[in-house]
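K.L.:
Input: one structure, supplied below.
The values are calculated or read from the model by the stated rules, or taken from the named source; none is laboratory data. Keep in mind the model is a prediction, meaning the values are calculated, not measured. Reconstructed Cβ throughout: ideal geometry from the backbone, glycine too, with neighbour counts over all protein chains shown.
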Amino acid sequence: MAIMKKKKKEPLGELRMDSTADVAFLLLIFFIVTTIFAAEQGLTLVLPGKQKDNTDTAKVKQSNIATLYVDENNFITLDRKSIEINHIKQAISDRLLANPKLVVVLKIHPDADYGLMVACLDELRLANANKVSLKTAEE
Amino acid sequence: MDFGRSTRKDTFIPTSSMGDIAFLLLIFFMVTTIFREETGLPVELPRAEAGEEVNRELVSNIYINKFGQISVDDRLVQVKHITDIFGKKISDNPQLIVAFKTDTNTDFGTVSEVMEELKEVNAVRVFFNNDVESNPGKKY
């Protein structure tokens, strides 16, 4: 009986609260450090801008031009030869190697899909073709 | 006249609840903060692998959905209004980058018309938003 009496007298166990703030701060700092805001990705392009007169336009020799044409049926041709989208990168890389002055004219038909235009531009970027001119084909 | 008599007591401000107050304030501001966000139009961005990031503060968005509707600053606009809107924007910030958030199935003609308008006002830095993760494995 003496044992039972002793147990009853024991004070209730207390939860230690003094370190909760530290824990909370550790969590806070962890999330601040690991948070990454969704960044937007995309392709940049500089348009030619408004031309005041013809002196602004650069003339490029015909031999330095590669024309990539996308027609209204989303069909791609490189210099009038049919090409698959996945082969553009290789083809343009090869031509750039042969002629570093190469300018790629990306000619898109107005009825072609925008997604295909971006895909072509993407391939050109991956091939390191920096001189790209975007042109809209006449209907 | 014992003016020098010490009446000072040990006073102290309880600081044990400062943390709680700070957290309450933190939670209050977290809950009430609304980030300014543009709703735009629902678009499925095209897939591309080469990607750059641009400074968001310089960016102004043009949303174009697959039906050819154009939205700028959460307002549906016509192509002919683009010059006015972006003429104003470009004079405020000549470094402006115009970001096209255009659906992958949109006709290129619509985008082309908008770009022609942008050329008119010399808003020449454009950006085509894409999504690296959409349609994995499919090129276009």
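K.L.:
For the stretch B:10-36, give me each residue that is more than 12 Å from every other protein chain (Cβ to nearest Cβ) and of a type in the set (D, E, K, R).
P.N.:
B:10, B:36
K.L.:
Give the residue that is nearest to the chain's Cα centre (by Cα), with candidates limited to residues of the stretch A:77-92 that are surrounded by fewer than 18 Cβ atoms within 10 Å (Cβ to Cβ) and of a type in the set (D, E, K, R).
P.N.:
Restricting to residues being surrounded by fewer than 18 Cβ atoms within 10 Å (Cβ to Cβ) and of a type in the set (D, E, K, R), the top hit is A:84.
K.L.:
Output yes when any residue across the stretch A:32-53 is surrounded by 11 or more Cβ atoms within 10 Å (Cβ to Cβ) and more than 12 Å from chain B (Cβ to nearest Cβ), and no when none is.
P.N.:
no
For every residue, the table says whether it meets (1) crowded, with 16+ Cβ neighbours inside 10 Å; (2) more than 30 Å from residue A:111 (Cβ to Cβ); (3) touching a residue at least 12 places away in the same chain (Cβ under 8 Å); (4) more than 14 Å from the chain's Cα centre (by Cα).
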{"position": "B:12", "(1), (2), (3), (4)": "no, yes, no, yes"}
{"position": "B:16", "(1), (2), (3), (4)": "no, yes, no, yes"}
{"position": "B:27", "(1), (2), (3), (4)": "no, yes, no, yes"}
{"position": "B:31", "(1), (2), (3), (4)": "no, yes, no, yes"}
{"position": "B:38", "(1), (2), (3), (4)": "no, no, yes, no"}
{"position": "B:46", "(1), (2), (3), (4)": "yes, no, yes, yes"}
{"position": "B:58", "(1), (2), (3), (4)": "no, yes, yes, no"}
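K.L.:
Tally the residues that are more than 12 Å from chain A (Cβ to nearest Cβ) and crowded, with 19+ Cβ neighbours inside 10 Å, restricting the search to the stretch B:63-76.
P.N.:
Of the residues in that region, 4 qualify.
K.L.:
Here's another thing I want to ask about it. Out of curiosity, is residue B:36 closer than 14 Å to residue B:99 by Cβ and of a type in the set (Lys, Arg)?
P.N.:
no
K.L.:
OK, next. Name, by its number, the condition in (1) within 30 Å of residue B:120 (Cβ to Cβ); (2) among the polar types (S, T, N, Q); (3) within 21 Å of the chain's Cα centre (by Cα); (4) assigned to a loop (DSSP other than H, G, I, E, B) that does not hold for residue A:133.
P.N.:
So the condition that residue A:133 fails would be (4).
K.L.:
Looking at the stretch B:107-120, can you tell me whether even one residue there is surrounded by 16 or more Cβ atoms within 10 Å (Cβ to Cβ), of a type in the set (A, V, I, L, M, F, W, C) and under 18 Å from the mean Cα position of the chain (by Cα)?
P.N.:
no
K.L.:
Next question. Looking at (1) loosely packed, with under 11 Cβ neighbours inside 10 Å; (2) within 11 Å of another protein chain (Cβ to nearest Cβ); (3) not acidic (Asp, Glu), can you tell me which one residue A:74 breaks?
P.N.:
With respect to (1) loosely packed, with under 11 Cβ neighbours inside 10 Å; (2) within 11 Å of another protein chain (Cβ to nearest Cβ); (3) not acidic (Asp, Glu), residue A:74 is out only on (1).
K.L.:
Name the pairs whose Cβ atoms lie under 9 Å apart, with the first residue in the stretch B:112-128 and in a loop (DSSP other than H, G, I, E, B), the second of a type in the set (S, T, N, Q), and 6 or more positions between them or separate chains?
P.N.:
Listed pairs, sorted by first residue: B:121/B:83; B:121/B:91; B:123/B:60.
K.L.:
Here is a further query. I'd like the residue in the stretch A:93-112 that is part of a loop (DSSP other than H, G, I, E, B) and either touching a residue at least 40 places away in the same chain (Cβ under 8 Å) or in contact with a helix residue (DSSP H, G or I) (Cβ under 8 Å, 6 or more places away or on another chain) (or both) and, out of all such residues, is surrounded by the most Cβ atoms within 10 Å (Cβ to Cβ).
P.N.:
Among residues in the stretch A:93-112 that are part of a loop (DSSP other than H, G, I, E, B) and either touching a residue at least 40 places away in the same chain (Cβ under 8 Å) or in contact with a helix residue (DSSP H, G or I) (Cβ under 8 Å, 6 or more places away or on another chain) (or both), the one surrounded by the most Cβ atoms within 10 Å (Cβ to Cβ) is A:112.
K.L.:
Which one of the conditions (1) within 9 Å of chain B (Cβ to nearest Cβ); (2) assigned to a loop (DSSP other than H, G, I, E, B) does residue A:122 fail to meet, given that it meets all the rest?
P.N.:
The failed condition is (2).
K.L.:
So, in the stretch A:61-92, how many residues would count as being in contact (Cβ under 8 Å) with a residue 24 or more places away in the chain and aromatic (Phe, Trp, Tyr)?
P.N.:
Count: 1.
K.L.:
Of the residues in the stretch B:122-139, how many are closer than 24 Å to residue A:138 by Cβ and modelled with pLDDT of 90 or more?
P.N.:
Qualifying residue count, the stretch B:122-139: 2.
K.L.:
Count, please, the residues in the stretch B:93-111 that happen to be closer than 22 Å to residue B:53 by Cα and without any contact (Cβ under 8 Å) to a residue 24 or more places away in the chain.
P.N.:
1
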